[in-house]
Amino acid sequence: MKSYDVIIAGAGIIGVALALELRERGAKVLVLDRGEPGGESSSAAAGMLAAGDPDTPVALQPLALESARMFPEYVRKLEDLSGIKTDFRRHGTIAFLEAPSVPSVYTSLSGDDLRRLEPVLQSHGHSAYFVQEDTVDPRLLMHAALAAAHKCGVEIRKNAEVKEIRAHKDQVEVVTDSGLFVAGTAVNCRGAWSGAPVKPRKGQMLYLQPQRQDLLQHVVRAPDAYIVPRSTGKILVGATVENVGFDKTVTPSTIQDLISAAAQYLPELKSAPIIESWAGLRPGTPDDLPILGPTEAPRVFIASGHFRNGILLAPITAKIMADLVTGKAPGLDIGAFAVSRFAPAKA
């Protein structure tokens, strides 16, 4: 039986980023996915690298900021290895905020400032702010990550759903519906399918194709929608947060509500053709924080529950988890993300 140093369950951006990091450190890595690698929440995301988002939990902010700092080099490496461009954009975000407190990294925009940055954007009565944030096309990023992993010698198997991980003293057995695999260590990166306490949080979104390719340059984040331009001229509008289990049904009324919300700020979007709509399942946790670190089972780790921030947190998660798997102390405090925080209280 072929054995590996590390088996990673889940070939989303978190699992593949970790596989690449471990491979760079010399590990022999197998990644198993229940379906098509990268085919779930990673490819369904919006791609906003919003490290300064006021909704980001305080405990997560240091990781988010560090991962955002790492992202330009991370993208460069993936693009160089794969030959695939990821539409990494550094135009920044215009945020319409209602909250009384505004993060210090946000700069207030006057009406003239707003018209200069985005001539056709309407504030709809909200105060406008600018923040320097980047975006990436998650589908292209996922394609690049998978191609880079293949090039570097990471083995990735599709349609291999993990049924059980059996931990022993000196090895781990991973049971799938396509066979048994053995490794020194295993990492659960299965996103919404990771098991309790991780649960799916559905998000619906869509792409519009306005007539003007230069309609919008900056991301727009508003209380009732976000609007993300791509270099092709497509504009993504999202997204809902729904607790409906593993249902990925796209609801026409919800899509129309998103278009109406976005058209308040960019009226031209009201008549723009819908070229695609979809739903993804974000991996959520009860406290909206990820789970990073060892589990109760020896030699078994977990990296899941990234909720809205899986794309953003991929570089830092890969580094932290690779450190843990190889016996090193991570450079950042991850105590708030231990799976043990969800353990039932002992009597």
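The values are calculated or read from the model by the stated rules, or taken from the named source; none is laboratory data. For clarity, every value in this text was computed on a predicted model and none was experimentally measured. Cβ placement follows ideal geometry from the backbone for every residue including glycine, while neighbour counts extend to all protein chains displayed. The accessibility values were calculated without ligands, DNA or RNA, using every heavy atom of the protein model including side chains. Shrake-Rupley method; radii C 1.70, N 1.55, O 1.52, S 1.80 Å.
A count restricted to the range 87-124 and to residues that are open to solvent by less than 80 Å² (accessible area, probe 1.4 Å) and charged (D, E, K, R) stands at 4. Inspect the range 288-299 for any residue being part of a loop (DSSP other than H, G, I, E, B), open to solvent by less than 40 Å² (accessible area, probe 1.4 Å) and of a type in the set (A, V, I, L, M) and give the result as yes or no. Taking every residue of the range 288-299 in turn, at least one turns out to be part of a loop (DSSP other than H, G, I, E, B), open to solvent by less than 40 Å² (accessible area, probe 1.4 Å) and of a type in the set (A, V, I, L, M).
Determine whether residue 80 is more than 18 Å from residue 227 (Cβ to Cβ), open to solvent by 40 Å² or more (accessible area, probe 1.4 Å), free of Cβ contacts under 8 Å to residues at least 12 places away in the same chain and in contact with a helix residue (DSSP H, G or I) (Cβ under 9 Å, 6 or more places away or on another chain). It is true that residue 80 is more than 18 Å from residue 227 (Cβ to Cβ), open to solvent by 40 Å² or more (accessible area, probe 1.4 Å), free of Cβ contacts under 8 Å to residues at least 12 places away in the same chain and in contact with a helix residue (DSSP H, G or I) (Cβ under 9 Å, 6 or more places away or on another chain). When each of 219, 241 is tested for being among the hydrophobic types (A, V, I, L, M, F, W, C) and either more than 18 Å from residue 46 (Cα to Cα) or in contact with a Ser or Thr (Cβ under 9 Å, 6 or more places away or on another chain) (or both), the lone residue that passes is 219. Only one of the numbered conditions (1) surrounded by fewer than 23 Cβ atoms within 10 Å (Cβ to Cβ); (2) over 13 Å from the mean Cα position of the chain (by Cα); (3) part of a strand (DSSP E or B) is violated by residue 281, and that is (2). At least 2 residues being among the small types (Gly, Ala, Ser) is the threshold, and among the strands (runs of 3 or more DSSP E) wholly inside the range 153-241 those reaching it are 179-188.
Filtered by the rule that a residue be of a type in the set (S, T, N, Q), under 16 Å from residue 288 (Cα atoms) and open to solvent by 30 Å² or more (accessible area, probe 1.4 Å), the range 191-248 gives a lone residue, 243. Residues of the range 43-64 that are more than 20 Å from residue 18 (Cβ to Cβ) and open to solvent by 30 Å² or more (accessible area, probe 1.4 Å): 48, 53, 54, 55, 57, 58, 59, 61.
Yes or no, residue by residue, for (1) closer than 30 Å to residue 187 by Cβ; (2) touching a Pro at 6+ places or on another chain (Cβ under 8 Å); (3) of a type in the set (Phe, Trp, Tyr):
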position	(1), (2), (3)
248	yes, no, no
268	no, yes, no
277	no, no, no
287	yes, yes, no
298	yes, no, no
312	yes, no, no
319	yes, yes, no
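Inspect the range 33-42 for any residue being surrounded by fewer than 21 Cβ atoms within 10 Å (Cβ to Cβ), farther than 19 Å from residue 175 by Cα and modelled with pLDDT of 95 or more and give the result as yes or no. Yes, the range 33-42 has at least one match. The residues on offer are 14, 8, and the sole one that is touching a helix residue (DSSP H, G or I) at 6+ places or on another chain (Cβ under 6 Å), outside any loop (DSSP other than H, G, I, E, B), closer than 18 Å to residue 160 by Cβ and open to solvent by 10 Å² or more (accessible area, probe 1.4 Å) is 14.
In the range 171-190, the residue that is surrounded by the fewest Cβ atoms within 10 Å (Cβ to Cβ) out of those that are of a type outside the set (S, T, N, Q) and without any contact (Cβ under 8 Å) to a residue 60 or more places away in the chain is 177.
Only residues that are open to solvent by less than 30 Å² (accessible area, probe 1.4 Å) and either under 19 Å from the mean Cα position of the chain (by Cα) or free of Cβ contacts under 8 Å to residues at least 12 places away in the same chain (or both): list them for the range 318-337, please. Within the range 318-337, 318, 320, 321, 322, 323, 334, 337 qualify. Within the range 125-139, is even one residue surrounded by 15 or more Cβ atoms within 10 Å (Cβ to Cβ), at pLDDT below 95 and not small (Gly, Ala, Ser)? Yes, the range 125-139 contains at least one residue that is surrounded by 15 or more Cβ atoms within 10 Å (Cβ to Cβ), at pLDDT below 95 and not small (Gly, Ala, Ser).
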